[in-house]
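What follows is a single structure, written as structure tokens, with notes after it.
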Amino acid sequence: MEANYIPTIKCKAAVAWEPNKPLVIEEIEVAPPEANEVRIKIVATGVCHTDLYHLFEGMHKEGFPVVLGHEGAGIVESIGPGVTEFQPGDKVIPLFISQCGECRFCKSPKTNQSESRFTCRGQKVLQFMGTSTFSEYTVVNEMAVAKIDPMAPLDKVCLLGCGICTGYGAAVNTAKVEPGSTCAVFGLGAVGLAAVMGCKAAGAKKIIAVDINPEKFEKGKVFGATDFVNPKDHDKPISQVLSEMTNGGVDFSLECVGNVAVMRSALESCVKGWGVSVLVGWTDLHDFAARPIQLIAGRTWKGSLFGGFKSKDGVPQMVKAYLNKTVKIDEFITHKMALDQVNDAIELMKHGKCIRTVLKVSPQ
């Protein structure tokens, strides 16, 4: 046997065999890493709404069977030929956006779908967003892995693989929230709360949290929200309510729901002349629409993917910010479970009963 032989691993994973059905804990085979690939032992993963979107709303049969999960953290187990940046034992976060950043595929959130290293019961199982963290092991291209501080607790920083960076960066990098400004954040899930945290970090003086679930408002305060509006408490459009509260509209609004009607409300809540509204919530089901006058009057409407972070650079910086206590993570975690409780975690999120559930996938 040659010295650098790396065997296939058999391990546990949660497999989505078809849309709209519970995940099944299966034994899968994870092939060794090929050139420029890294095989990672996943220690912990968050459950994100994008996983639910693929399972319940995307509903494309060709996207199954698949191992979901894209918000994980782990330890490098083995490396393929040509990998120099990583060594076995490194703590890492797999990235659903890789950072060569030049090619059109790196810019697609569906990268690596066809390059799966998984098989189960004799058939190929797809990787989700190139990561698939609902598995004890996964194989990822080295361009889609961030090496992080060895002191980082993996069961916390896994959340930087998606939700927290997405919301925080949308405020700081994409909207470019300014000190002394007024902001509105629509939707107080993990992404929205991270956007609130980003607005606060950028120095916003008024941060209005908008959600139809009043139970979320206490959490909002923890991250820096100053005001709360429940659209159900008003019989006029939410944009009108916010306009009256802010003397004509907010400077910055962030839509963190993934609902095209809310996207329109968020735009219309911005002040004319310079208001900026950012689409953050993930959806691809419906067209969005607004009256042209909204933009003609000087508002800017833009989108943000992974918070505008250059992933390999940004994620380790956010890990450091957490270790330096300038970014919160613990406060997002409302539940901790084992991988085989993944369907319970999905139900909690489906019914808005959690912010983030962290699944312990492997012992560290």
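The values are calculated or read from the model by the stated rules, or taken from the named source; none is laboratory data. Computed from a prediction, not measured in an experiment: that's the story for all the values here. Note that we place each Cβ from the backbone using ideal geometry, even for glycine, and neighbour counts take in every protein chain shown. With ligands, DNA and RNA removed, areas are computed over all heavy atoms of the protein, side chains included. Shrake-Rupley method; radii C 1.70, N 1.55, O 1.52, S 1.80 Å.
Numbers below:
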item: 17 Å Cα-Cα reach of Lys10 towards lysines, excluding residues that sit fewer than 8 places from it in its own chain; result: Lys41, Lys124
item: Accessible-area order (highest first, 1.4 angstrom probe) of the listed residues Thr133, Thr300, Thr246; result: Thr300, Thr246, Thr133
item: Kirkwood-based shape ratio for the chain, expressed as Rg/Rh from alpha carbons; result: 0.99
item: Coil-residue GluC sites (Glu not before Pro) of the range 1-83, DSSP, other Cβ within 10 Å capped at 16; result: Glu2, Glu34
item: Rounded D (µm²/s) - the range 153-307, Kirkwood Rh over Cα pairs, Stokes-Einstein at 25 °C, 0.890 mPa s; result: 163
item: Zone of Asp284's modelled label, taken as backbone nitrogen in the range 64-82 under 19 Å from a point 7 Å along Cα→Cβ; result: 64-71
item: Dipole magnitude (debye, nearest 20) for the chain, charges at Cβ of Lys, Arg, Asp, Glu; result: 700
item: Directionally averaged shadow of the range 126-244, computed from the convex hull of its alpha-carbon atoms, nm²; result: 10.0
item: Value at 222 nm in deg cm²/dmol, rounded to 500, when DSSP H runs of n ≥ 4 in the chain each add -39,500 (n - 2.57); result: -5500 deg cm²/dmol
item: Solvent accessible area, Å² - Lys236, 1.4 Å probe, full protein context; result: 80
